[in-house]
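Read through the structure below, which is laid out as structure tokens, and then see the notes.
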Ligand code: 3HC
């Protein structure tokens, strides 16, 4: 019988953290969401408001249901408020020192049975685990963007993650209505390891003026049935996030496929991060609607 989680902490209320908080609350769990400051919390609450309003507009939720869902989420800037959680999902930026500091602090706050899950997309779960006194209770829980829609959650076990922890987290993922896959601890796990070589290749084609952005995207949408073309998808993921994932995978595997295309770095330096900054490969009026420049 899998363990039933009831109160879940979410650390980091960016796009992914807010999406994870929403998915957990949608299933009836109590969520305590933490961000570093009031500004971070306000931004996260903005994501939640936007996404739940969209669900109401689409007829998937009524106003009362939205209020109940949001009522299950409390926000705080104090990690200490997560003391009673039986699971904490971390979704802070992809920097090992940041994740290590969060889990090291939580280790002294939460009870010994609390499971620590990281939404990291490419950092080592094993390495995160050694910054705690409970590496056996540390696991990866990698959601996909948009979290509210995409069903996959990769559950990553390190060499020391307890088998029961994996079983319990897999059961939770199923309870959330999502599809779990279990995998060992290697940069990129399954989906990103396969996806990002393709995305990087598309940037190189665009960079060398081999094809226009529209034709690159149209080819994969209309020729292969992908819901989005590679450049539009990079804008959704965020060019900075994509760069970090590629760079981590490249350093681990030395596979040239993952050596970040130079154009990515140039665009990031120029502040073209994709939807979140209003411009990436395309220009956006609003986060959800691409317009061609
Ligand atoms: N938040 C909440 N709901 C959203 C949403 C969002 N940001 N974006 C779309 N939706 C919902 C809509 O409300 C709609 O729901 P409904 O059909 O039940 O009413 C449904 O998703 C479809 O949306 P749209 O009709 O507006 O648009 P599309 O049919 O074009 O779908 C999409 C949009 C879901 C984003 C689709 O294009 C898609 O799946 N794209 C690929 C995304 C992808 O590959 N993501 C993985 C990125 S890699 C990753 O996340 C890993 C990380 O480590 C980087």
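Over the chain, dividing the summed -39,500 (n - 2.57) contributions of all DSSP H runs of at least 4 residues by the number of residues returns a 222 nm mean residue ellipticity of -14000 deg cm²/dmol.
How would region 61-118 be classified by its alpha-carbon gyration tensor: rounded, prolate or oblate, with rounded meaning a/c under 1.5 and the a/b versus b/c comparison settling the rest? It comes out prolate by the Cα gyration axes. For residue 266, project a label point 7 Å along Cα to C-beta. Then give me every residue of region 189-232 with its amide nitrogen under 20 Å of that point. Label zone hits: 199-217, 230-232. The Stokes-Einstein estimate for region 134-262, based on a Kirkwood radius over Cα pairs and taken at 37 °C with 0.692 mPa s viscosity, is a diffusion coefficient of 204 µm²/s. Classify region 68-155 from the C-alpha gyration tensor, please: rounded if a/c falls under 1.5, else prolate or oblate depending on whether a/b exceeds b/c. It comes out oblate by the Cα gyration axes. With both residues required to sit in region 7-183, DSSP beta bridges show an antiparallel share near 15%. Averaged over residues, the count of other Cβ atoms within 10 Å places the peptides 80-87, 215-222 in the sequence 80-87, 215-222, highest first.
Summarising the overall dimensions of region 1-87 from its C-alpha atoms, the Rg and Dmax are 12.8, 41 angstrom. Please work out whether region 191-285 counts as rounded, prolate or oblate from its C-alpha gyration tensor, where a ≥ b ≥ c are the square roots of the eigenvalues and a/c under 1.5 means rounded, while otherwise a/b larger than b/c means prolate and anything else oblate? Oblate.
Measure out, as a whole number of angstrom, how far apart the alpha-carbon centroids of region 185-255 and region 115-167 sit. Centre-to-centre (Cα) distance: 23 Å. Between residue 167 and residue 76, the contour length at 0.36 nm per residue exceeds the Cα-Cα span by 29.8 nm. Note on residue 201 and residue 151: with the Förster distance fixed at 25 Å, the Cβ-Cβ geometry gives a FRET efficiency of about 0.45.
Where the alpha-carbon atoms of region 247-287 are placed on the principal axes, they occupy 38, 17, 12 Å, in descending order. Each residue, residue 218 and residue 182, gets one label point 7 Å from its Cα in the Cβ direction; the gap between the two is 4.6 nm.
Build a GNM of the chain with springs between Cα atoms under 10 Å apart, and of 147, 52, 212 the one that fluctuates most is 212. The stretch between residue 160 and residue 7 holds 52.6 nm of extra length on full extension. This uses 0.36 nm per residue minus the Cα-Cα distance. Once the Cβ-Cβ distance of residue 58 and residue 191 is raised to the sixth power relative to R0 = 35 Å, the FRET efficiency obtained is 0.85.
Considering only the Cα atoms of the chain, their convex hull presents on average a projected area of 15.3 nm². In this simple spin-label approximation, residue 259 and residue 210 carry label points 7 Å from Cα along the Cα→Cβ vector, and these lie 1.5 nm apart.
Coordinate-derived values only; no laboratory data. Values in this document were obtained by computation on a predicted structure and should not be read as measured data. Note that we place each Cβ from the backbone using ideal geometry, even for glycine, and neighbour counts take in every protein chain shown.
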